[in-house]
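Chemist: Sharing a structure with you now.
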Amino acid sequence: MGWGRTAWRAAVGTIVLLACAPAAHAATSLPSCPQTGAKRTLVRESGQLESAAFDAAGRLVYTNIARRQLRGLDAPGAPTRAIAVGIDGPGGLALEPGGTMLVGAGSGAGAVFAPRFGFARLLRVDLATGEKSVYARGLSMANGVVRAADGTVYASDDLALSLDRITPDGKVQRGWYRTTDTNGLALSADGRTLFANRSFGSTRVMAIDTATGASRTYARPPGSLSWALFDDLDIDAAGRLYVAVYLAGEVWRIETDGSMCALARGLVAPAGITVGASGAGFSARSVFVTTHAGSLVEIPDAVPPAA
């Protein structure tokens with residue numbers, strides 16, 4: 001996500017954004033989402049915070065690139081803790097049944113400059129013990145990761161035309177989708193549509209048919225915001241999408257009709273995003289964002305209440 005899941009790209013991206021953030025914010029014209037609460041910082045630590053997800057108990061899990069760790073926040077206000085260490089180039093996260101999580105890894109210089117060689121992989125991490133094992137090898141980048149209900153896993157590459165698919169029996173299908181580069185991923189409730197952010201070039205959200213691989217543009221920013229750079233992506237139960245907009249320093253919500261509004265502004269390098277989950281004191285109506293500036297931010301009332 002962001003400029004990819006490596007420390008050097010995160011550092012470069014953050015420096016660039018810090019230099020241009022005031023001008024970028026001034027140019028923003030997307031309307032604000034109504035009735036959204038003010039953002040608040042839950043965690044601030046050294047390193048670049050990358051992807052985020054909730055476990056089955058509603059605890060928040062996130063990656064820190066510089067620390068090479070999968071970390072956890074058990075409840076709002078609790079101290080953060082390391083769950084698993086020694087993860088090179090941590091990438092996307094996808095929860096599995098039974099208390100394990102898939103973590104993209106190996107998104108270093110080899111994956112960036114030579115994705116065709118498949119240097120990246122997926123690790124399976126036991127969230128209770130931190131034990132790691134290799135779930136899949138030979139991936140392009142594993143930048144964004146999402147898991148379908150049937151066990152199919154998709155892993156993106158934001159710098160190459162190679163979105164990989166791993167079948168439920170563990171077979172890696174390199175470059176299953178090659179139409180565009182891809183970054184953040186989210187699946188529709190029925191599993192038929194894979195939403196994927198394209199970050200570079202013409203930034204936008206693609207809708208990919210999981211049965212055929214056919215794709216179409218689902219949503220794109222207004223022309224005046226074409227530079228904004230969509231990074232990570234998540235989806236709520238009603239099918240609304242939530243986007244970390246890296247260069248604009250914002251978080252957007254995309255309604256099912258394709259209209260967009262800004263949930264939060266003034267962030268520095270927002271990279272990862274996840275919709276809240278109940279169970280450990282976090283709000284299911286909040287959206288949580290990680291940044292390459294080392295912050296974990298909550299946006300209250302970002303998810304509209306059920307009708």
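Chemist: So if I place +1 on the C-beta of Lys and Arg and -1 on the C-beta of Asp and Glu, and nothing else carries charge, what would the dipole magnitude of region 162-230 be about its Cα centre? I want it in debye, nearest 20.
Modeler: Details: 9 positive and 5 negative charges, 32 e Å.
It works out to roughly 160 debye.
Chemist: Note down the Stokes-Einstein diffusion coefficient of the chain in µm²/s, whole number, using a Kirkwood radius over alpha carbon pairs, 4 °C, and 1.567 mPa s.
Modeler: Values: Rh = 18.6 Å.
The diffusion coefficient I find is 70 µm²/s.
Chemist: Next question, about the same structure. Amide H neighbours of G294 under 5 Å, counting only residues 5+ apart in sequence or on other chains, H built in-plane at 1.01 Å?
Modeler: Here the answer is L49, since their amide H atoms fall under 5 Å of that of G294.
Chemist: Does region 237-307 come out rounded, prolate or oblate, given a ≥ b ≥ c as the square roots of the eigenvalues of its C-alpha gyration tensor, rounded meaning a/c under 1.5 and, failing that, prolate meaning a/b above b/c?
Modeler: On the way: a/c = 2.34, a/b = 1.18, b/c = 1.99.
Oblate shape, in that a/c is at least 1.5 and b/c is the bigger or equal ratio.
Chemist: Ratio to report: Rg/Rh of region 177-307, with Cα atoms as the point set and Rh obtained by the Kirkwood method; give two decimals.
Modeler: Values: Rg = 14.1 Å, Rh = 14.8 Å.
Rg divided by Rh gives 0.95.
Chemist: Out of T291, M141, A280, whose Cα points farthest toward the positive end of the dipole of the chain (charges: +1 Lys, Arg; -1 Asp, Glu; placed on Cβ)?
Modeler: Ranked along the dipole, the leading option is M141.
Chemist: Something else now. State the percent of C-alpha pairs, over all pairs in region 138-236, separated by a distance greater than 16 angstrom. Provide the component values of the computation, followed by the final result.
Modeler: On the way: 2426 of 4851 pairs.
Summing the P(r) of region 138-236 above 16 Å gives 50 percent of all pairs.
Chemist: Determine ³J(HN,Hα), in whole Hz, for all residues of region 78-85 in sequence, where each value follows from phi through the Karplus function 6.51 cos²θ - 1.76 cosθ + 1.60 and θ = phi - 60°; x replaces Gly and Pro.
Modeler: Whole-Hz 3J(HN,Hα) from phi for region 78-85: 6, x, 7, 8, 7, 9, 9, 10.
Chemist: If you place +1 on the Cβ of every Lys and Arg and -1 on the Cβ of every Asp and Glu, how big does the dipole about the Cα centre of the chain come out, in debye to the nearest 20? Before the final figure, lay out the partial values.
Modeler: Numbers: 29 positive and 25 negative charges, 101 e Å.
Once rounded to the nearest 20, the dipole reads 480 debye.
All of the numbers you see were taken from the coordinates with simple rules; none came from a lab. If you're wondering where the values come from, they're calculated on a predicted model, not measured in any experiment. Here the Cβ is made from the backbone with ideal geometry for all residues, glycine too, and neighbour counts use every protein chain on show.
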